[in-house]
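The values are calculated or read from the model by the stated rules, or taken from the named source; none is laboratory data. As the structure is a prediction and not an experimental result, all values here were calculated from the model. FYI the Cβ positions are ideal-geometry reconstructions off the backbone, even for glycines, and counts take in every protein chain you see. Side chains included, ligands, DNA and RNA excluded: accessible areas come from the protein's heavy atoms. Shrake-Rupley method; radii C 1.70, N 1.55, O 1.52, S 1.80 Å.
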Amino acid sequence: MLYEYDVPVPTFAFDKLLANIGSMSNSGFELGIGIVPISKKDMELNVNINMAWQKNKLLSLNGKLNGRDMTASDITPIGGMNGAGFHGGYNDIIYQIVGQPLGVFYLPHCKGIVDNGHGHNKYDIADLNNDNVIDLSDHGDRYVAGQATPKMTLGSNISFRYKDFDVSLQMNGAFGHKIFNGTALSYLNMSNFPDYNVLAEAPARNIVDQNVTDYWLERGDYLNFDYLTIGWNTPVRNKYISSLRVSFSINNLATITSYSGLTPIINSYVVDNTLGIDDKRTYPPYRTYSFGVSIKF
């Protein structure tokens, strides 16, 4: 497991060194099911389901390399909010923390929305360590609020045929993770207006605060109906055409989720600065329709 460590110059030629001394655990279970509950001459139903459970933990980043002790911080930010309205301050959201899954939400806790004393609202941040000081730094009033990577993923394909007609549906899903709704945080912040757009409900909420908290952390569970295809194998009697098929398909048909953003299907797998964060610059999801004709001569 390669990780970048700080080293002295000299004796090293550069101040950074890649070393394989850390440790991580990965475990999981995968289950695939395929059944044909209906199999007749004029009718057939096929159901295929694949489910996978995954557990990951960063165990250590410290060790020895050629007799030299190599150490790294146990708490390191790897992703946060930036861009419009986020200049300075404590806006880190995703962290790697020794003893936790790789990519966890390490956030202050918001107790609610309160008046800031100047005619606007702000986030009421909890004093988690009970020292009568609100400290938003990495070692202050933050806690592990959940993980960005799904604990369980699902893939499924269901197909049904009746005589010359057939229908197939592809589904996918992810469960057990959370998403930080950075889009809502940004566009419900009235301190960005009029320099930047805000949502229509932003003036009524009257929030003038850009601090990241668990107020915008939501469950990321979803079931996505990814692809629906309806086909008709048209009976033909022609010396030039041996078969004719007509089909209609819809991509991104629907998504079942409690997430309030545009889509819960964001980066929940690749460990970078977008992991688990619904960034305000994400292109909105779209639906496509297609019609196809297949002719065999």
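Using only Cα atoms, locate the centre of the stretch 109-152 and the centre of the stretch 1-64, then give the distance between them in Å, rounded to an integer. Each part's Cα centre sits 31 Å from the other's. Under 12 Å from a point placed 7 Å out from the Cα of H139 along the Cα-to-Cβ direction: which residues of the stretch 50-91 have their backbone N that close? Under 12 Å, as judged by backbone N against the label point of H139, lie 73-75 of the stretch 50-91.
When the convex hull of its Cα atoms is viewed from all sides, the chain shows a mean projected area of 24.6 nm². When the listed pairs K178/K280; K57/K151; K16/K55; K40/K296 are checked against a 24 Å cut-off, the alpha-carbon distance exceeds it for K16/K55; K40/K296.
Once the chain from W53 to Y240 is taken as fully extended at 0.36 nm per residue, the excess over their C-alpha distance is 62.1 nm.
Counting other Cβ atoms within 10 Å of each Cβ, which trypsin sites (Lys or Arg not before Pro) in the stretch 133-170 have at most 15 and sit in a DSSP loop? Within the stretch 133-170, the qualifying trypsin sites (Lys or Arg not before Pro) (loop, at most 15 other Cβ atoms within 10 Å) are K163. With all protein chains in place and a 1.4 Å probe, the accessible surface of the chain carries 55 percent carbon and sulfur. Shape of the stretch 85-166 from the C-alpha gyration tensor: prolate (a/c of 1.5 or more and a/b above b/c, with a ≥ b ≥ c the square roots of its eigenvalues). Annotation: amide H-H contacts under 5 Å for S243 (H modelled 1.01 Å from N, sequence separation of 5 or more, or interchain): K296.
Ligands, DNA and RNA excluded, the heavy atoms of H177 present near 0 Å² of accessible surface to a 1.4 Å solvent probe.
Which FRET efficiency value, to the nearest 0.05, is calculated for D69 and L45 with the Förster distance at 51 angstrom and r the Cβ-Cβ distance? With R0 = 51 Å, the Cβ-Cβ based efficiency is 0.25.
Extension gain, N82-S23: 0.36 nm per intervening residue step, less the Cα-Cα distance, totals 18.2 nm. The slack in the chain from N251 to T263, taken as 0.36 nm per residue of separation less the alpha-carbon distance, amounts to 2.9 nm.
A simple spin-label model places pseudo-atoms 7 Å from Cα toward Cβ; at I230 and E30 they are separated by 3.5 nm. Taking all protein chains together and rolling a 1.4 Å probe, F193 ends up with roughly 110 Å² accessible.
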